[in-house]
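Here's the structure, in structure tokens; my notes come after.
The values are calculated or read from the model by the stated rules, or taken from the named source; none is laboratory data. Just so it is clear, the structure is predicted and the values come from calculations on it, not from any experiment. Note that we place each Cβ from the backbone using ideal geometry, even for glycine, and neighbour counts take in every protein chain shown.
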Amino acid sequence: EELETSNEELQSANEELVASNEELQSTNEELHSVNEELYTVNAEYQRKIEELSRLSSDMQNLLRSTEIGTVFLDRRLNIRRFTPAAAKTFNFLPRDIGRPISHIAHSIPLAEGEKLVDLVRQVLRSGRRLEREIRNSAGSPLLMRIQPYITERDTTEGAVLTFVDVSVVKEAEQAVRDSEARFRQLADNIDEVFWLRDARTYDFVFVSPAYETIWGRTRTTLYANAGEWTQAIHPDDRSRVIDELRAAERGAFDSTFRILRQDGSTRWIRDQGFPVYDDDGHMIRIAGIAEDVTDTKEVEGQLRKAKEELEARVTARTTELASVNEELKNSLQRERGQTERLRVLAEAAVAVSTGRTFDETLEIITARAREMAGARQATTNFVVDADWSRQRFATARAPGESDDERPTVQPDGTGIFAIICQSNQAVRVSREELTTHPLWKALSESPPWQPPEKNWLAVPLVGLDGKNLGLIQLTDKQAGEFNAEDEAILQQFARLAAAALEVRHARESLEHVVEQRTGELRRANNELRGQYDELRQFTDLASRDLQSPLDAIQSSGELLANALRDDLGDEAVASLHRIRTDAGRMRSLIDDLLSLTRVGSCELRRQRFSLHDCVDRAATELAEPIQSTGASITRDDLPVVSADPHLLEQVYKNLLGNALKF
């Protein structure tokens, strides 16, 4: 029984141990769960710390990168933090953190009567932001903003002061003001009306002064009542213009309409407008330029009326020409021929200017005249002062024509040629008229003259002074008859040809005169050169012949002066001195004469030297006559020159010698 009892007790104890073990396991599981929860919370706290760290770094970098000075204050207005930009602007130091803002408020200049602390307290009381414009120590403008520091719980825990450099903004504002001033100056001085309208209300923002001139109304009333613009539009055009103006929301518009001025007159207006958008793409303005096109419209009306009249005439003419189609074709051919002749006339005028000589120009004129009129033969006769015996001419023939078949007989200024040249009038006749004309009859019957097979056209060449210079003859048009158009074109060409020939002839005459004059000058120059050579030879001989007795006189004077120095009186000594002096002057004159004759033949030895030295040497050689005459030489500052010093010295010597003599 005791064993059973012990066994039961042991079983009971074992059951208790099993229950305790289960409780311990349950407790262990709970502890493990709590440990996992703590680990999760710790990880979340670590993540929050990292996020706060990154957020703090982001905020620090943001404040540094924006370069906006920022100061954070607590509720007692002590400095909690400031950015590097604020420290740089107001010289804040790290030890300033924790100090009241009132201690350093003097470094933030405000308007007279304002205190920074009062402004901050005003913001804390009102909860509204406050702005002031100040300047830093460098004079740069800053925009100071004071606003409450709001926490996440929507409580105010201080204030934030920001300082933004607005120099660029101020410069931009000034640039805008300058641009607006230039714009207004331009708008006030143009004849057109420049206008701006609000895109939402359609009120006028700006209208240039030209509105009052064109519309005859004041801008004041237009600003007060934008509908006046629409009311001034002619009723027949009003609805259309309004629709076009509203269409400006989709792009630019261009409208022409009439307006009624207050004096009852009507003006035509062309109004061009376009939308103006902001940075977000929203239309904020409608801009436009309106100009008075009344004169243009009147001209257009006249042109339209003239066009209608012309169209009516063309229609009537077309109806008439429908029955004469062949005549129309001929007219068209004539038109084409006229165009071609005009082209040939232009080309001929250019070709005439390429002639280098008179004869070449004459040949070009003749050839072009024949081509222009389509003649088988052309002849140009140029005459000066009606002297037909000295006429110059050129003949051009169509391909296949020869001189044997169609010999050229030059006019002699008589008969029909005299009529043309004296009256300076063109003549256009047929073969029959030529053969029966009394002035041509004798010429046409005398060989080798061959009258034209079909017709003949001649126009005079008239000079710039109105005098006749000859004529251009055209014989036998290859297709059809010479007509009034041929005559008119040939007359135009004849005027160009006459001017060109007159210029070439004048140039040729001038060249001939120049050539003759050049020959005469060359002969005169040769004669002068021979005379100069003879004069130089004579001067050389005369100088040598004069130098021998002069040397004897000078030597004898010196010998007498030396030998009889003690026996001669003062008067004799003075006489001997004058003999030597005069002999020296005579020698100087002979040397000057020789130098003069050699100037043209000597070699120029150029070098740089001062004119002072040149004048000094000339004065030294003339020291005796300068002293004897009591003369004095004065001079200004003389330059350094590049020349032959010997020749210039001779020039100065001659000039000084002549001055002393005369």
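Residue-by-condition table, conditions (1) among the basic types (Lys, Arg); (2) modelled with pLDDT of 80 or more; (3) exposed (fewer than 14 other Cβ atoms within 10 Å of the Cβ); (4) over 20 Å from Ile365 (Cβ atoms):
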residue	(1), (2), (3), (4)
Arg392	yes, yes, no, no
Pro399	no, yes, yes, no
Pro411	no, no, no, no
Pro438	no, no, yes, yes
Trp449	no, no, yes, yes
Asn468	no, yes, no, no
Ile472	no, yes, no, no
Lys477	yes, yes, no, no
Considering residues of the range 41-59 that are over 21 Å from Arg81 (Cβ atoms) and aliphatic (A, V, I, L, M) only, the residue nearest to the chain's Cα centre (by Cα):
Ala43
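Given the residues Arg336, Arg317, Arg341, Arg313, which is the only one that is of a type outside the set (Gly, Ala, Ser) and either at pLDDT below 70 or touching a Pro at 6+ places or on another chain (Cβ under 7 Å) (or both)?
After applying the criteria, what remains is Arg341.
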Residues being buried (at least 16 other Cβ atoms within 10 Å of the Cβ), modelled with pLDDT under 90 and touching a Leu at 6+ places or on another chain (Cβ under 9 Å): count how many of those fall in the range 135-153.
2
Taking interchain pairs and intrachain pairs at least six residues apart, which have beta carbon atoms under 9 angstrom, with the first residue in the range 356-380 and part of a helix (DSSP H, G or I) and the second of a type in the set (Lys, Arg) and modelled with pLDDT of 80 or more?
Phe358/Arg392; Asp359/Arg392; Leu362/Arg392; Arg370/Arg376; Arg370/Arg397; Ala373/Lys477
Failed condition for Glu15, given (1) in a helix (DSSP H, G or I); (2) assigned by TED's automatic domain parsing to the domain that holds Ile150:
(2)
Report yes if some residue within the range 68-82 is part of a helix (DSSP H, G or I) and either in contact with a Lys or Arg (Cβ under 7 Å, 6 or more places away or on another chain) or under 18 Å from Pro148 (Cβ atoms) (or both); otherwise report no.
no
What are the pairs with Cβ atoms under 8 angstrom where one residue, in the range 479-493, is without any contact (Cβ under 8 Å) to a residue 60 or more places away in the chain and the other, located anywhere, is part of a loop (DSSP other than H, G, I, E, B) and of a type in the set (D, E, K, R)? Sequence gap at least six, or different chains.
Glu481/Lys454
The range 225-240, subset of a type outside the set (Gly, Ala, Ser) and touching a residue at least 24 places away in the same chain (Cβ under 8 Å), residue farthest from Thr201 (Cα to Cα):
His234
